[in-house]
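Step one of this worksheet: look at the structure below.
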Amino acid sequence: VPFASRREGRGESSVEMYRELGALEVVNADSLSPDAARVAFEAADLIWMPGGSQVRLMKELRERELVEPLRVAHARGCVVGGTSAGTAVASDPMLAGAPEVAGIRSEVAQLEEGLGLLQGALVDQHFVERERQSRLLSAVLDGPSRLGIGISESTAALVTGSTLRVMGESVVLVYDARKAKVEPSLGKGECAAGTGVTLSVLRAGMTFELED
């Protein structure tokens, strides 16, 4: 599902990758009508969303009326994943907009509608490499009931039920403010604050329980 990209031939590199990995059948949703894409979702074992813009990805899914069919596929047990924008879109709301937030600031992290496959969390990506800690921590302090999950490059967070398991070469960071004392906002763009926010740094093989 390569709708996050606007490149010509989008999705073809992912098709080739999965064929090389041994997948018996790989279909590029960009080559299908919306009706045919819904049928493909119903049969899929895996739905993969490559990178680009998560806002563009959601826009095209809505225009093709594929948001609900994708959610239904996930609910029946289809694995749904992606890279970059295809990762960020998993939550609802999802992080969008400019990723570089200067400082820990209230009400500056831009949130948009996401797929809502991962409940009670926000997901950020390219996390350590692009120093996106400020954006995610700002968003967590804005909404402390949601975990903040930052996924590094060449790393995966595999969620089964309420358990997150890390795979890959680097780390996943989890900010948890659910039991923290978060100070009231002083206004948009002002310093955010709180005490008791926890940080978990997880490498390959480690797990984190998402349910409080």
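The values are calculated or read from the model by the stated rules, or taken from the named source; none is laboratory data. Please read these numbers as outputs of a predicted model, since none were measured by experiment. Virtual Cβ from ideal backbone geometry, glycine too; neighbours counted across all protein chains shown. These area figures cover heavy atoms from the full protein model, side chains too; ligands, DNA and RNA do not enter into them. Shrake-Rupley method; radii C 1.70, N 1.55, O 1.52, S 1.80 Å.
Within region 173-196, the set of residues being of a type outside the set (D, E, K, R) and closer than 14 Å to I149 by Cβ comprises L173, V174, Y175, A177. Tell me which residues, restricted to region 164-181, are open to solvent by 20 Å² or more (accessible area, probe 1.4 Å), closer than 16 Å to G120 by Cβ and not in a strand (DSSP E or B). Of everything in region 164-181, those that are open to solvent by 20 Å² or more (accessible area, probe 1.4 Å), closer than 16 Å to G120 by Cβ and not in a strand (DSSP E or B) turn out to be R178, K179, A180. Cβ-Cβ contacts under 6 Å between residues 6 or more apart (or on different chains), taken from a first residue in region 109-123 that is open to solvent by 30 Å² or more (accessible area, probe 1.4 Å) to a second residue that is assigned to a loop (DSSP other than H, G, I, E, B), are listed as Q110/G97; L111/P93; L117/A90; G120/R146. Per the listing G161, G143, the residue uniquely surrounded by 14 or more Cβ atoms within 10 Å (Cβ to Cβ), free of Cβ contacts under 8 Å to residues at least 24 places away in the same chain and more than 23 Å from G51 (Cα to Cα) is G143.
Residue pairs whose Cβ atoms lie under 7 Å apart, separated by 6 or more positions or on different chains, with the first residue in region 6-35 and more than 19 Å from R62 (Cβ to Cβ) and the second in a helix (DSSP H, G or I) and open to solvent by 50 Å² or more (accessible area, probe 1.4 Å), are V26/R19; N28/E12. Look at S154 and say whether it is open to solvent by 20 Å² or more (accessible area, probe 1.4 Å), small (G, A, S), at pLDDT 95 or above and over 26 Å from V1 (Cα atoms). In short, no.
Candidates R56, R64, R71, R10: the one that is open to solvent by 40 Å² or more (accessible area, probe 1.4 Å) and over 25 Å from G143 (Cα atoms) is R64.
Do we find a residue being farther than 20 Å from R165 by Cα and more than 11 Å from the chain's Cα centre (by Cα) anywhere in region 75-88? Checked region 75-88: at least one residue is farther than 20 Å from R165 by Cα and more than 11 Å from the chain's Cα centre (by Cα). Against the conditions (1) aliphatic (A, V, I, L, M); (2) touching a helix residue (DSSP H, G or I) at 6+ places or on another chain (Cβ under 8 Å); (3) not in a helix (DSSP H, G or I), L24 satisfies every one except (2).
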